[in-house]
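Chemist: Sharing a structure here in structure tokens format.
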Amino acid sequence: MTVSAAGTKRRQPSLSQLRAFAAVAEHLHFRDAAAAIGMSQPALSGAVSALEEILGVALVERTTRKVLLTPAGERLAVRAKAVLAEVGALLEEAEAVRAPFTGVLRLGVIPTVAPYLLPTVLRLVHDRYPDLDLQVHEEQTASLVEGLGSGRLDLLLLAVPLGMPGVTELPLFDEDFVLVTPLGHGLGGREGVPREALKELNLLLLDEGHCLRDQALDICREAGREDADVTTTAAGLSTLVQLVAGGLGCTLLPRTAVRVETSRSNQLLTASFTEPAPTRRIALAMRAGAARGAEYGELAAALRDALLPLPVRVLPTP
């Protein structure tokens, strides 16, 4: 409780109330918001009502079907999220001071990395940092970056460069792209395929939102392919490769994915490109000035060593 200049006592919102309101502002649904923060729906509704009483403004409009933010709610939701992010940073810094590589580390990973690198990451954390509670979230790049900025995630493992202000990248390795074709295709099994060959291929790509799709389209444009018409897409690499095995076209895979994805079918061939082959760079990304920045740098160095057996070009530690 605080005292104003006029001498009257003013109640202050609790973190629980702010967390409840921020969840409602994000989900616009009381049941979903309650589930997201592990609170019962009546308790969440009561917390939002109490916050409205303390602030003296209506934050939400409740109907039988949905929840809408009032104009005041729109403005104050931004403030509430900022307060919660700062509290999270305070707890994170205290945790880092207390003991490195302990507590929770929320790692976000893109879908075209997770199945192929997570075994290495999890083994490293289990063996070297047994007191670290690693929590993994697989999401597309845009969602991961939002989560990092809001404090929902601590560290990202994804393709770079992001070109985002306030984000520090810790590069890990570069890896080549490999052409995957159906059995009997003229380019299947070849080495030294020129990039220009991409101009004539029926190329299958991931759905919109995957950074790997954008990278593949960039490679095609660099090869001189002007049109980017794609008639068939897939939500994941496994489906994409099965479409290739079925003869619908060809695709590009990062080399770390080749063994896992092509081993499921005997109707596939791979081909390598002439040097310099098209590549992507994978890195850890953290908030600039993160309290646990030194830990994340040490984790990146350890991860580079652990990745040496993989078919990638590990980058030197700065």
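The values are calculated or read from the model by the stated rules, or taken from the named source; none is laboratory data. Treat the numbers as computed from the prediction; the structure is a model and nothing was measured. FYI the Cβ positions are ideal-geometry reconstructions off the backbone, even for glycines, and counts take in every protein chain you see. Surface accessibility is based on the protein's heavy atoms, side chains included, excluding ligands, DNA and RNA. Shrake-Rupley method; radii C 1.70, N 1.55, O 1.52, S 1.80 Å.
Chemist: Need the failing condition index for Gln215 against (1) out of contact with any strand residue (DSSP E or B) (no Cβ under 7 Å at 6 or more places or on another chain); (2) buried (at least 16 other Cβ atoms within 10 Å of the Cβ), just the number.
Modeler: If we test Gln215 against (1) out of contact with any strand residue (DSSP E or B) (no Cβ under 7 Å at 6 or more places or on another chain); (2) buried (at least 16 other Cβ atoms within 10 Å of the Cβ), just (1) comes out false.
Chemist: Residues to consider are Arg221, Arg264, Arg225; find the one that is basic (Lys, Arg) and under 19 Å from Ala159 (Cβ atoms).
Modeler: Result: Arg221 is the single residue among Arg221, Arg264, Arg225 that is basic (Lys, Arg) and under 19 Å from Ala159 (Cβ atoms).
Chemist: Does Glu139 satisfy the criteria of being surrounded by fewer than 23 Cβ atoms within 10 Å (Cβ to Cβ), free of Cβ contacts under 8 Å to residues at least 40 places away in the same chain, under 25 Å from Ala89 (Cβ atoms) and acidic (Asp, Glu)?
Modeler: In short, yes.
Chemist: Being touching a residue at least 40 places away in the same chain (Cβ under 8 Å) and crowded, with 17+ Cβ neighbours inside 10 Å is the filter; apply it to region 115-128 and report the residue that is nearest to Gly236 (Cα to Cα).
Modeler: Among them, the one singled out is Pro115.
Chemist: Still on this structure: Go through region 280-318 and report how many residues are among the small types (Gly, Ala, Ser), open to solvent by 20 Å² or more (accessible area, probe 1.4 Å) and modelled with pLDDT of 90 or more.
Modeler: The qualifying residues number 5.
Chemist: Oh, and also: When both residues are 6+ apart or on different chains and their Cβ atoms are under 9 Å apart, which pairs have a first residue that lies in region 73-93 and is closer than 11 Å to Gly151 by Cα, and a second that is open to solvent by 100 Å² or more (accessible area, probe 1.4 Å)?
Modeler: Matching pairs, first to second residue: Lys81/Glu26; Leu84/Arg19.
Chemist: Also: I need a count of the residues in region 56-73 that are over 16 Å from Pro13 (Cβ atoms), open to solvent by 30 Å² or more (accessible area, probe 1.4 Å) and either part of a loop (DSSP other than H, G, I, E, B) or charged (D, E, K, R) (or both).
Modeler: 6
Chemist: Residues that are at pLDDT below 90: find the strands (runs of 3 or more DSSP E) completely inside region 125-201 holding 2 or more of those.
Modeler: none
Chemist: If you check Thr262 against the conditions, is it surrounded by 19 or more Cβ atoms within 10 Å (Cβ to Cβ), over 27 Å from Leu122 (Cβ atoms) and in contact with a strand residue (DSSP E or B) (Cβ under 6 Å, 6 or more places away or on another chain)?
Modeler: Criteria not met by Thr262.
Chemist: Further question: Taking region 97-122 on its own, how many of its residues are farther than 14 Å from Ala283 by Cα and assigned to a strand (DSSP E or B)?
Modeler: Qualifying residue count for the region: 4.
Chemist: Considering every residue within region 143-151, establish whether at least one is in contact with a helix residue (DSSP H, G or I) (Cβ under 8 Å, 6 or more places away or on another chain) and either surrounded by 16 or more Cβ atoms within 10 Å (Cβ to Cβ) or β-branched (Val, Ile, Thr) (or both).
Modeler: Looking through region 143-151, at least one residue is in contact with a helix residue (DSSP H, G or I) (Cβ under 8 Å, 6 or more places away or on another chain) and either surrounded by 16 or more Cβ atoms within 10 Å (Cβ to Cβ) or β-branched (Val, Ile, Thr) (or both).
Chemist: Find the helices (runs of 4 or more DSSP H) located wholly in region 215-318 whose residues include 1 or more that are in contact (Cβ under 8 Å) with a residue 24 or more places away in the chain and closer than 17 Å to Leu170 by Cβ, and list them.
Modeler: 293-306
Chemist: Could you check, for region 39-48, whether at least one of its residues is at pLDDT below 90, more than 28 Å from the chain's Cα centre (by Cα) and of a type outside the set (S, T, N, Q)?
Modeler: Taking every residue of region 39-48 in turn, none turns out to be at pLDDT below 90, more than 28 Å from the chain's Cα centre (by Cα) and of a type outside the set (S, T, N, Q).
Chemist: Has region 155-177 got at least one residue that is of a type in the set (Asp, Glu), open to solvent by 10 Å² or more (accessible area, probe 1.4 Å) and within 30 Å of Leu198 (Cα to Cα)?
Modeler: There is at least one residue in region 155-177 that is of a type in the set (Asp, Glu), open to solvent by 10 Å² or more (accessible area, probe 1.4 Å) and within 30 Å of Leu198 (Cα to Cα).
Chemist: Does at least one position in region 4-18 carry a residue that is part of a helix (DSSP H, G or I), more than 23 Å from Gly149 (Cβ to Cβ) and not polar (S, T, N, Q)?
Modeler: no
Chemist: Next up: On the given criteria, is Leu269 closer than 21 Å to Ala114 by Cα, over 21 Å from the mean Cα position of the chain (by Cα) and open to solvent by 30 Å² or more (accessible area, probe 1.4 Å)?
Modeler: The answer is no for Leu269.
Chemist: Which one is farthest from Arg62 (Cα to Cα), of the residues in region 17-30 that are open to solvent by 60 Å² or more (accessible area, probe 1.4 Å) and in contact with a Leu (Cβ under 9 Å, 6 or more places away or on another chain)?
Modeler: Checking each candidate, the answer is Arg19.
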